[in-house]
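To start, the structure under review is shown below, and the notes come after it.
The values are calculated or read from the model by the stated rules, or taken from the named source; none is laboratory data. Predicted model only: the values in this text are computed from it and were never measured. No Cβ is skipped: glycine too gets one built from the backbone with ideal geometry, and neighbour counts run over all protein chains shown. For the accessible areas, the whole protein counts, side chains as well, though only heavy atoms, and no ligand, DNA or RNA atoms are used. Shrake-Rupley method; radii C 1.70, N 1.55, O 1.52, S 1.80 Å.
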Amino acid sequence: LKLVPWTLSPKYDKQEEQPGIFRAFLSSAMRFLGLMVPDNDSSLLYVHKYADRVDTSLFKRLLDGLKPRIAFVHACGDIICGESSSSSVGADSLCRTLREVRGDRKVKAVIIRVDSPGGSALASDTMWREIMLIRAKGIPVVVSMGSMAASGGYFISAPANTIIAQEG
């Protein structure tokens with residue numbers, strides 16, 4: 001196997017038949033990263049030709065990880081203290097999610113879908129505080145109100161930069 005375009009020694013192609021330990025390690029690492037060209041020709045290539053011959057999926061995945069994101073968080077159901085269930089939104093679960101969103105440097109905005117008749121005042125206040133901490137970090141928060149956003153649902157919507165609701 002020949003390494004392209006990195007050759008450690010200009011004599012490699014002519015004199016060495018078996019690569020040493022370092023070359024074997026480098027070869028394995030490059031193969032893992034998708035940098036190995038499946039070709040016996042070790043001549044120099046133009047970048048666009050090299051990219052056509054190399055598996056660039058790892059690079060695409062790495063670059064995708066650097067792209068900015070918009071977090072979409074659901075707050076649907078009765079507001080309760082504790083963990084969420086299929087019919088309720090728990091303060092512990094939602095606050096944990098909002099903390100993760102706040103800690104993710106790639107998140108540039110948050111959309112919260114609120115569809116709740118309300119519930120626990122303490123749980124609503126805890127959620128409100130987490131949303132305020134997201135705003136304090138400079139991340140814009142948009143709330144999309146569903147068919148119902150009463151009491152605690154309205155309260156957790158209040159700190160948003162923008163609230164989107166339909167009349168009636």
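Filtering region 134-154 to residues that are buried (at least 16 other Cβ atoms within 10 Å of the Cβ), in a helix (DSSP H, G or I) and of a type in the set (Gly, Ala, Ser) leaves Gly152, Gly153. Against the test of being outside any helix (DSSP H, G or I) and surrounded by 15 or more Cβ atoms within 10 Å (Cβ to Cβ), the options Ile163, Ile131 yield a single qualifying residue, Ile163. Filtered by the rule that a residue be assigned to a strand (DSSP E or B), surrounded by 14 or more Cβ atoms within 10 Å (Cβ to Cβ) and out of contact with any helix residue (DSSP H, G or I) (no Cβ under 8 Å at 6 or more places or on another chain), region 71-86 gives His74, Cys76, Asp78.
Taken over region 83-92, the criterion of being in contact (Cβ under 8 Å) with a residue 12 or more places away in the chain and in contact with a Gly (Cβ under 6 Å, 6 or more places away or on another chain) is satisfied by Ser88, Val89, Gly90. For Val89, the stated conditions hold: it is open to solvent by less than 80 Å² (accessible area, probe 1.4 Å), within 17 Å of Ser151 (Cα to Cα) and at pLDDT 90 or above.
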